[in-house]
1. Give the residues of region 47-85 that are surrounded by 10 or more Cβ atoms within 10 Å (Cβ to Cβ) and either touching a residue at least 24 places away in the same chain (Cβ under 8 Å) or of a type in the set (Asp, Glu) (or both), sorted by residue number.
2. Among the residues of region 13-21, are any modelled with pLDDT under 90, under 18 Å from the mean Cα position of the chain (by Cα) and either surrounded by 10 or more Cβ atoms within 10 Å (Cβ to Cβ) or not polar (S, T, N, Q) (or both)?
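The values are calculated or read from the model by the stated rules, or taken from the named source; none is laboratory data. Owing to the predicted nature of the structure, the values given are computational and were not obtained by experimental measurement. Ideal geometry is used to build each Cβ from the backbone, glycine not excepted, and the neighbour counts take in all protein chains shown.
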Amino acid sequence: MRDMDKKKRNAMNENEKVTSILKARTLEEIAEFWDSHSFDDYWDQTHEVEFEVRAKQRRRVTLAPEIYDRVASQAQLRGIMPETLVNLWLAERLQAPA
């Protein structure tokens, strides 16, 4: 239990590092700042960095063109991407009793 608490504290400390431009300590503070400021005004205070993005791997499923057209039409009515609608529908279907 103590190890878990220590891990949480360390994670919180890492997340609470002060950013160099706006001195924010949380993601919410960063978001609020950039919602009301232009990056163009701070360009001279930036420097190049390298980082790795770890995104979950996606899988592709092919659809017949006529099925895709119907899905795309339904997605447009809902104001979402066809891929999002397919994921929602599949998740609903997989949660339903067999």
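1. ASP69, GLU83
2. Yes, region 13-21 contains a residue that is modelled with pLDDT under 90, under 18 Å from the mean Cα position of the chain (by Cα) and either surrounded by 10 or more Cβ atoms within 10 Å (Cβ to Cβ) or not polar (S, T, N, Q) (or both).
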